[in-house]
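To start, the structure under review is shown below, and the notes come after it.
The values are calculated or read from the model by the stated rules, or taken from the named source; none is laboratory data. Fair warning: this is a prediction, and the values are worked out from it, not measured in the lab. Positions of Cβ are generated from backbone atoms using ideal geometry, with glycine treated the same way; all protein chains shown enter the neighbour counts. Each accessible area value is taken on the protein alone, full model and side chains, heavy atoms only, with ligands, DNA and RNA left out. Shrake-Rupley method; radii C 1.70, N 1.55, O 1.52, S 1.80 Å.
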Amino acid sequence: MPALVAVGAQWGDEGKGKVVDWIAAQADVVVRFHGGNNAGHTLWVEGEKTVLHVVPAGVLQPGTTNVIGPGVVVDPVVLLSEIDELTRRGVLKDPSRVRVSGRAHVIFPWNCSLDKARDEARKERAIGTTGRGIGPTYEDKVARRGIRVADLLEAGSLRGAIDELAAAKNRELREVHGWPTLDADELYDEAVAWGRRLGPYVEHTTPLLDRALREGKNVLFEGAQGTFLDIDHGTYPYVTSSNCVAGTACTGAGVGPTRIERVLGITKAYTTRVGGGPFPTEETGEAGDTLRAAGDEFGATTGRPRRCGWLDAVMLREAAVVNGFTGLALNKMDVLRGQREIPIATAYRVDGKLTHDFPMTLSEVERAEPVYETWAGFSQDLCGVRRFEDLPDAARRYVDRVEALAGIPVELISVGPGRDETVVRTSPF
Ligand code: GDP
C-alpha cells in the first residue's frame, strides 16, 4: 500500500512544499486534505519560483494527478488564478491533472471580511489569522450551513443558499463590526461564473483515490500548516481552524486509516512561528535575527517576519506521537551554517519542575523554560552535498542527535531550497 502522509512537525513553514515537490517525482497522485489558501508553499525548480496556496505542490511534476479533497476549504478566486497561472506557464495542460472534490467547502468573500474584522476586534489577543476566511468557512461547515463546490454547479438552488448566508453575514459585518457589507446579487453572479469555470475540474475524489490505491499507485497526502497549529493538538487558541495531523488525511481525503502505510514528519533544523502564541525556544535577540536572515524567514502568504529559535525536541517527540511518524525530513540544515554552537531543547522546566513531555495547557507552555544541550556548529556550505557521508562531522552528529531525541529515523535532509538540494537516506515510497 504505497500511501504516504507528509505533515509539518512544528508551527508550519517547515518547507513542506519543497519536500512534497521532491517526493512527487515518485508519486502518481498528490492530495491536499485540509486547510485552504492560508497555506503557502514556495517551490524552486530550475531557478523558477512558484508559490502555491491551494493546488497541491505535486503539480510541477508532470506525471501527477493533484487532488483537492473534501476536507479542504476552497477560495475559487485563488484556485482559478493558480490554475490560470499554471496553464499560462504550460505546467498544466490537461484539466484532469487537477481534481477538486465537489464536497470541499467554498470560501466566500464575506468570510474573509469577518476573519479580519473579528481578529481586529480581539486587539492584543489577536490570533494573527491570515484573513483568508478559512476559520469562518469551517464554522459554517460545522454549523451545517456551508456552500460546497458541487453547489456552485447548481445555479437554481445556489440562489437561496447565498441569499440566506449573505443576510446573516452582512448583519454581523454591519452591526457588530461596522464593516462594509457585500452585495448578494453580485456574489450570486460571481458564484455561478466560478461554477462554470471550475466544472471541468470537479470530481467525486473518493472513488478516484480508492482506484489509485487499489491499482498500487503511489499516493502522497500533503499536509498544510503543522502539528502545533492543529485545532486539537496545537497551542489552542493560537492554531489554525482545522486538524492538520496525519490522521486528518483519512477524514479530509476520504481514505481509511488501514490504507496509510508511512508518515513523514517535516521539521526545520531549527524552529519558527508566525503570529501569536507561546514559543518556548524563541530567540528574540541577535540569535533569532541571524536565523531569520540566514533562513529568509518571511511568510510566503503574508510576508510577515517569522519568529525564530532553536530546535525543540520536546515538540518533536509530541509530534512523533500524535502523527505516528515513521520517518523525518530535516529541512534547512544549510541555514545553521556558521553557528558556533547549536542548542537543542531536550526538556522544559515548568514552575521549577523538569518535564520531557509537551505540557497540556497553554499557560504551562507559556511558562516553559527550555533545557538545552549544545552541539558544535559547522562552517562548510552544505548546498552541494548529496550524500550523508559527505556532510561535515558536526552536521552528521547533529542529525544523529535529532534522530535519537525524536526516536524516529531522519530519512531526508534538505540542504537548500532547490529540488535537487536533498540528501536521501531512505526513499520515501
Ligand atoms: P511550507 O509552507 O512548509 O512549504 O514552507 P514555506 O514555503 O513557507 O517555507 C519554506 C521556505 O524555505 C521556502 O522559501 C523554501 O524555498 C525554503 N526552503 C525549503 N527547504 C529549504 C532548505 O533546505 N534550505 C533553504 N535554505 N531553504 C529551504
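Data overview
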item	result
Per-residue ³J(HN,Hα) for segment 72-83, Karplus 6.51 cos²θ - 1.76 cosθ + 1.60, θ = phi - 60°, Hz, x for Gly and Pro	8, 10, 10, 8, x, 5, 5, 4, 5, 6, 5, 4
Computed [θ] at 222 nm, helices only, for the chain once each DSSP H run of length n ≥ 4 contributes -39500 (n - 2.57)	-9500 deg cm²/dmol
Other-chain or far-sequence residues with amide H under 5 Å of GLN10's (modelled H)	THR227, PHE228
J(HN,Hα) series, segment 403-417, from Karplus relation 6.51 cos²θ - 1.76 cosθ + 1.60, nearest Hz, glycine and proline x	4, 5, 5, 7, x, 9, x, 7, 8, 10, 10, 9, 10, x, x
Cα-projected label distance for GLU373 with VAL321, points at 7 Å along beta-carbon direction, nm	1.9
Relative contact order computed over segment 105-198 (Cα-Cα under 8 Å; 6+ residues apart), in percent	31
FRET E, pair THR361, ARG125, Förster distance 22 Å, beta-carbon r, rounded to 0.05	0.85
Contour excess over end-to-end distance, with Cα ends at ARG214 and ASP289 and 0.36 nm allotted per residue	22.1 nm
Placed amide H near ASP75: partners under 5 Å, 5+ positions off or other chain	ASN37, ILE107
DSSP-defined antiparallel bridges as percent of all bridges, the chain, nearest 5	40
Cα centre as origin, Lys/Arg/Asp/Glu Cβ charges: segment 268-424 dipole, Debye	200
For segment 268-424: relative contact order, % (alpha-carbon pairs under 8 angstrom, 6 or more apart)	25
Amide H contacts under 5 Å for VAL67, placed H, 5+ residues apart	VAL30, VAL31, ARG32, ARG99
Estimated vicinal HN-Hα couplings, Hz - segment 215-230 in sequence order (Karplus 6.51, -1.76, 1.60; Gly, Pro = x)	7, x, 6, 7, 10, 10, 9, 9, x, 10, 6, x, 3, 8, 9, 5
Additional length obtainable on full extension of the chain from THR206 to VAL51, 0.36 nm per residue less Cα span	53.1 nm
Percent RCO, i.e. relative contact order, over the chain, from Cα pairs under 8 Å lying at least 6 residues apart	20
Accessible surface, the chain, averaged per residue in Å² (probe 1.4 Å)	40
Potential extension, GLU154-ARG197 segment - 0.36 nm per residue separation minus Cα distance	14.2 nm
Surface share of carbon and sulfur [accessible, 1.4 angstrom probe, percent] for the chain	49
Zone of ARG174's modelled label, taken as backbone nitrogen in segment 91-124 under 17 Å from a point 7 Å along Cα→Cβ	110-111, 113-114
DSSP bridge orientation in segment 315-415 - percent antiparallel, rounded to nearest 5	80
Heavy-atom SASA rank of CYS250, CYS308 (probe 1.4 Å, accessible area, largest first)	CYS250, CYS308
Alpha carbon convex hull of segment 287-402, volume per residue in cubic angstrom	142
Whole-angstrom gap from segment 408-429 to segment 220-281, using each part's C-alpha centre	20
